[in-house]
Amino acid sequence: MSHTIRIALAALVLSAGAALAQPQPGSPSGQNPTTRAVNEEQLLREMGRLDGRVTIPDTKSGTLEQPQGREWRAFREGWLPWIGGIAVLGMLLALGLFYFSKGRMRLDQSEESGIKILRFNAFERFTHWLTASTFIVLALTGLNYIFGKRILMPLIGPEAFSTLAQWGKYAHNYLAWPFMLGILFMMLVWLKDNIPGRIDWIWLKAGGGFLGDAHPSAGRFNAGQKLIFWIVMIGGIAMSATGIILMFPISAVDVNGIQINQAIHAVIGVLFIAAILGHIYIGSLGMEGAYDAMGSGEVDLAWARRHHDLWVEEQQAKTASGPQLGRSRPVPAE
Ligand code: HEM
């Protein structure tokens, strides 16, 4: 223990002891806390926590006992792994069941037009993959905070786990910044296309083409995608705000505030991960042709017409030199 820390601790103990030894005129109980009649438990009950006086600049270190810490620990060690496990495993199970019962949404080879249309430009794709790649590392390292010592440590041993957890923590702290930048860029490039409208309600009522045979109309983003967009925006902003507070502990809120903040960060985090698992499924395995939109940026015109017919019409109206549909062919039901 360093010399400075030892002096600081000595000062804390001495001045807290002195504070308790003196009569406390402002004490909520109106009693002298040094009398035998008043025990620590009674003081805690009445004051919520035990604070002493410290002579070092960091006055918050005067908190001697903070019972909310026990509630927080019970949440972190008890409830949180359950909430996280149910959210993440529940979503994986639901997606597995959906895949095995419904299969992939396909577009027949015969339906492909062979004409490509640009769906996302280079900056949009950069923004997407910046956010996605950093999110995946944040998600894995975040889950390691909750489940690492329970699942990984018994498998790889404490030494390897501590090295991994240390690097995971660096990754979590530093990659949070490019992730936040990604959220900001996404807001700039996609917000205008994600304003909810009447068409989204119709799309939702038709089950988005997933449940029945109908294939509802949609603009650049359908209601399901808009939902993902808003989950990413609201979740991203909430994770950023609570994450920054956790990165600079005790600077904006006290110890109790940090605990509440950690609980919010963790619960939103696991729900966010579960929602994004659903998105990753649809963007890759769940729907044929979807990945191209974020891979090369181009999709087949027939795919675009089937899933985003109003957007295609809009694009065609914008540019006469863009890909033209010609006479519109009826799209067979799935
Ligand atoms: C490996 C992981 C991922 C894959 C394969 C993937 C795939 C895709 C695809 C194909 C699209 C375009 C859909 C279309 O044509 O309309 C898309 C859009 C989008 N992605 Fe991802 N994505 C992944 C991870 C993420 C992550 C981690 C986030 C955010 C945290 C994210 C946020 C978005 C948003 C906001 C959109 C626009 C709205 C939407 O289409 O739902 N993606 N993604």
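Suppose we filter segment 166-194 for residues that are in contact with a Gly (Cβ under 6 Å, 6 or more places away or on another chain) and among the small types (Gly, Ala, Ser); how many remain? Residues meeting the conditions: 1. Cβ-Cβ contacts under 7 Å between residues 6 or more apart (or on different chains), taken from a first residue in segment 194-206 that is free of Cβ contacts under 8 Å to residues at least 24 places away in the same chain to a second residue that is assigned to a loop (DSSP other than H, G, I, E, B), are listed as ILE202/PRO216; TRP203/PRO216; TRP203/ALA218; TRP203/ASN222; ALA206/GLY212; ALA206/ALA214; ALA206/PRO216.
Screening segment 204-307 for helices (runs of 4 or more DSSP H) wholly inside it with 1 or more residues that are surrounded by fewer than 18 Cβ atoms within 10 Å (Cβ to Cβ) and within 9 Å of the ligand (Cβ to nearest atom) returns the ranges 223-247, 255-281, 290-295.
If you go through segment 153-193 and keep only what is more than 30 Å from PHE120 (Cα to Cα) and surrounded by 16 or more Cβ atoms within 10 Å (Cβ to Cβ), you end up with MET153, PHE161, LEU164, ALA165, GLY168.
Can you pull out the residues in segment 73-120 that are acidic (Asp, Glu), in contact (Cβ under 8 Å) with a residue 40 or more places away in the chain and open to solvent by less than 80 Å² (accessible area, probe 1.4 Å)? GLU111, the sole residue that qualifies. No other residue among ILE83, ILE117, ILE136 is modelled with pLDDT of 85 or more and assigned to a strand (DSSP E or B) apart from ILE117. Please go through segment 98-152 and pick out each residue that is acidic (Asp, Glu) and within 13 Å of the ligand (Cβ to nearest atom). The one that is acidic (Asp, Glu) and within 13 Å of the ligand (Cβ to nearest atom): GLU124.
The values are calculated or read from the model by the stated rules, or taken from the named source; none is laboratory data. Just so we're clear, the structure is a prediction, and the values are computed from it rather than from any experiment. Cβ coordinates were reconstructed from backbone atoms using ideal geometry, including for glycine residues, and neighbour counts include every protein chain displayed. For the accessible areas, the whole protein counts, side chains as well, though only heavy atoms, and no ligand, DNA or RNA atoms are used. Shrake-Rupley method; radii C 1.70, N 1.55, O 1.52, S 1.80 Å.
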